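> First the structure, which I've put down as structure tokens, then a few questions once you've had a look.
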Amino acid sequence: MSFSFVSSAYACKCSEEFPGRLGSVEQVSEIKIFSKSPFRNAGNSSELLNEYFEIGWGWEGSFSDIDAFVATKPKFANRSIKLRLKLRPDGASTHQFTIHYKQTNGESYSTTTQEIRFK
């Protein structure tokens, strides 16, 4: 005699053609980084800071220029991005960075870091 709480079970394998298999069907159209404080001595708080950061994505350990990355029209969902500074700011010693992210369908997202102090 056998007993089961499950009368049936189903499984599937995502096909190669499934558009969300490796990420969002939407593409990244824009990433912009700003600080509430001047990043460079000659700069101001509204200055675009992309050139001072690199971006890494997914589980890969590689980083690249943000604008070059966006130019590849990447897609991702359920993947993380990492941002790292190329150089230390010589302006203010305390920064709060705001990151704007936009997709090709017009959706946009924004986040602001906690205050970061550079010594």
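The values are calculated or read from the model by the stated rules, or taken from the named source; none is laboratory data. Quick caveat, the model's predicted, so the values are computed rather than measured. Here the Cβ is made from the backbone with ideal geometry for all residues, glycine too, and neighbour counts use every protein chain on show.
> Within region 63-84, identify whether any single residue is among the small types (Gly, Ala, Ser) and at pLDDT below 85, and answer yes or no.
Of all residues in region 63-84, those among the small types (Gly, Ala, Ser) come to 64, 68, 71, 77, 80.
Those left that are additionally at pLDDT below 85: 77, 80.
Yes, some residue in region 63-84 is among the small types (Gly, Ala, Ser) and at pLDDT below 85.
> Continuing with this model, one more query. Among (1) over 30 Å from Val25 (Cα atoms); (2) modelled with pLDDT of 80 or more, which single condition is Thr112 missing?
The failed condition is (1).
> Shifting gears a bit: Being of a type in the set (A, V, I, L, M, F, W, C) and modelled with pLDDT of 90 or more, is that true of even one residue in region 12-31?
yes
> In addition: If I ask for residues that are of a type in the set (Val, Ile, Thr) and either surrounded by 14 or more Cβ atoms within 10 Å (Cβ to Cβ) or part of a loop (DSSP other than H, G, I, E, B) (or both), which ones from region 77-115 would you list? Give the steps one after another, and end with the answer.
Residues of region 77-115 that are of a type in the set (Val, Ile, Thr), as a first pass: 81, 94, 98-99, 104, 111-113.
Listed by number, the residues that qualify are Ile81, Thr98, Ile99, Thr104, Thr113.
> For region 54-76, which positions are more than 12 Å from the chain's Cα centre (by Cα) and either touching a residue at least 24 places away in the same chain (Cβ under 8 Å) or buried (at least 17 other Cβ atoms within 10 Å of the Cβ) (or both)?
Within region 54-76, just Lys73 meets the criteria.
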